[in-house]
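Structure first, commentary second.
The values are calculated or read from the model by the stated rules, or taken from the named source; none is laboratory data. The shown structure was predicted, so the numbers you read here are calculated from the model rather than taken from an experiment. No Cβ is skipped: glycine too gets one built from the backbone with ideal geometry, and neighbour counts run over all protein chains shown.
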Amino acid sequence: MTFASLVFPAIVALLCLAVSAAIASRDPWYREHLKRHGHRFEAIDGLRGFLAVGVLCAHTMTTRGFYLDGVWATTSRVHVAMGESAVTLFFMITGFLFWRHVIRGNGGFDTSAFYKARIRRLVPMYAVSVAFALFVVAALSGFRLRVDLFTLLHQLREWVSFGFIPTGELNGVKDAHIVNAVYWTLAWEWSFYLALPLLALFARGWGFALLVAVAVFFGTQAPVSLAFVGGALAAEASERGWLQAHLSRNWMAPVPIAAIGVALTFETAYHPVSVALLFVAFLFFAAGNTLGGLLTTRAAKLLGAVSYSFYLTHCIVLFIAFRLVEGTIGVANLSPERHWLVAALAATVTTALSAITYRRVEYPFIASRVPRAVAAFEPAGAASAARHS
């Protein structure tokens, strides 16, 4: 890892923050929304936006690999690790927030309310992102049917499976899967959600120790699953009051930054040691460490609020941006600096687009009146905002 490899992602992040700051200060709805979007885990909310930008930066380099080498991949190890580290921390956030609900349920778990809340929170924006992606594929195929109807319907299954079926060719567009390459992570999220009611049965006493041991054993075969275990362990530590006393202090901020930095030097962030380093960093965020207030700025809070929309749309915006470049001067003719310039423009557009889709697609489902049991499974900040709507 070199210093130069982190300069461009840092610039992209700063531009996204600048757009977020402008929206947060000028849009009346967001000004009011962010005022009441405060709760115990503000550091985690602010972190989400940076993680989404990290995934965009990784896909910036895999896009370059696609146009230069014909493969959706990159030889830049640090950028691969950046995207994988972001996904790992996203999974830790999921494990943390929902295992905390299990702990606070004292042995009770309302399965019906949980799934209703997850569907309300995740499905609307997922459906919109799929519609965006399918529109792009339709444009690439000239808005003509290039395969028989049965084949098209068979291929469409992949795009409505929440990532459980890998996307591939669609309507004759061979590389349609790169239009939006993030859906596979949603399958991991939903796998955790599907297992959670069963896992909740082992939440107390020695059952939890046994559960962790089994999860770690299986994690050696699929290390990415260790992220959910890390999130659950952080929830246990947080609920027992073991984290907040020291880890939230500003002078401790270099520790999680250093842990993440070391994790980026690994071949893959899904290596057990790398996951362990990211777990150490996550403990600080779970304790409320805001990196000197960075994660609780209005810009970071807005970027965190719209991070799900950002995550689901950034690949589509990147694809369109580089497709336009390919149709003019050719992506292969771009210098690394100009390639990142295109990515930076795509990132700013994604930020603005995400602010729109969060407001118009996600938030109406978050804020609409729902039974208290369902609202309990909404993210804490979203539930707070809904109560004040």
In the stretch 147-184, which residues are touching a helix residue (DSSP H, G or I) at 6+ places or on another chain (Cβ under 9 Å) and β-branched (Val, Ile, Thr)?
VAL147, VAL160, ILE165, THR167, VAL173, ILE178, VAL179, VAL182
Looking at the stretch 114-128, is at least one residue modelled with pLDDT under 95 and among the small types (Gly, Ala, Ser)?
yes
Taking THR75 as the residue in question, decide whether it is surrounded by 16 or more Cβ atoms within 10 Å (Cβ to Cβ) and of a type in the set (S, T, N, Q).
no
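Every residue, every condition in (1) surrounded by fewer than 24 Cβ atoms within 10 Å (Cβ to Cβ); (2) of a type in the set (Ser, Thr, Tyr), yes or no:
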residue	(1), (2)
ALA24	yes, no
ASP27	yes, no
TYR30	yes, yes
LYS35	yes, no
LEU47	no, no
LEU56	no, no
THR60	no, yes
TYR67	yes, yes
Selected residue (only one of ILE103, ILE93 is crowded, with 18+ Cβ neighbours inside 10 Å, touching a helix residue (DSSP H, G or I) at 6+ places or on another chain (Cβ under 8 Å) and at pLDDT below 95):
ILE103
Those residues of the stretch 146-166 that are more than 28 Å from the chain's Cα centre (by Cα) and among the polar types (S, T, N, Q) come to a total of 1
If we scan the stretch 305-324, do we find a residue that is buried (at least 21 other Cβ atoms within 10 Å of the Cβ) and in contact with a Pro (Cβ under 9 Å, 6 or more places away or on another chain)?
no
Consider SER238 against the criteria (1) in contact (Cβ under 8 Å) with a residue 24 or more places away in the chain; (2) closer than 16 Å to LEU47 by Cα; (3) part of a helix (DSSP H, G or I); (4) more than 21 Å from the chain's Cα centre (by Cα): it satisfies all of them except one. Which criterion is unmet?
(2)
Among the residues that make up the stretch 115-126, is at least one of them part of a helix (DSSP H, G or I) and in contact with a strand residue (DSSP E or B) (Cβ under 9 Å, 6 or more places away or on another chain)?
no
Meets criteria (modelled with pLDDT of 95 or more, at negative phi, assigned to a helix (DSSP H, G or I) and basic (Lys, Arg)) for ARG146:
no
Residue tally, condition farther than 18 Å from ARG36 by Cα and either crowded, with 24+ Cβ neighbours inside 10 Å or within 15 Å of the chain's Cα centre (by Cα) (or both), over the stretch 290-304:
0
Residues of the stretch 249-276 satisfying the condition of being in contact with a Gly (Cβ under 9 Å, 6 or more places away or on another chain) and closer than 18 Å to GLY231 by Cβ:
ALA269, PRO272, VAL275, ALA276
Please state which one of ALA222, ALA213 is over 16 Å from GLY105 (Cα atoms), of a type in the set (A, V, I, L, M, F, W, C) and over 26 Å from the mean Cα position of the chain (by Cα).
ALA213
Which of (1) touching a helix residue (DSSP H, G or I) at 6+ places or on another chain (Cβ under 6 Å); (2) within 24 Å of PRO272 (Cα to Cα); (3) surrounded by fewer than 19 Cβ atoms within 10 Å (Cβ to Cβ); (4) not hydroxyl-bearing (Ser, Thr, Tyr) is the odd one out, the single condition PRO197 does not satisfy?
(2)
The lone exception for GLY168 - which of (1) among the small types (Gly, Ala, Ser); (2) part of a helix (DSSP H, G or I); (3) loosely packed, with under 15 Cβ neighbours inside 10 Å it fails
(2)
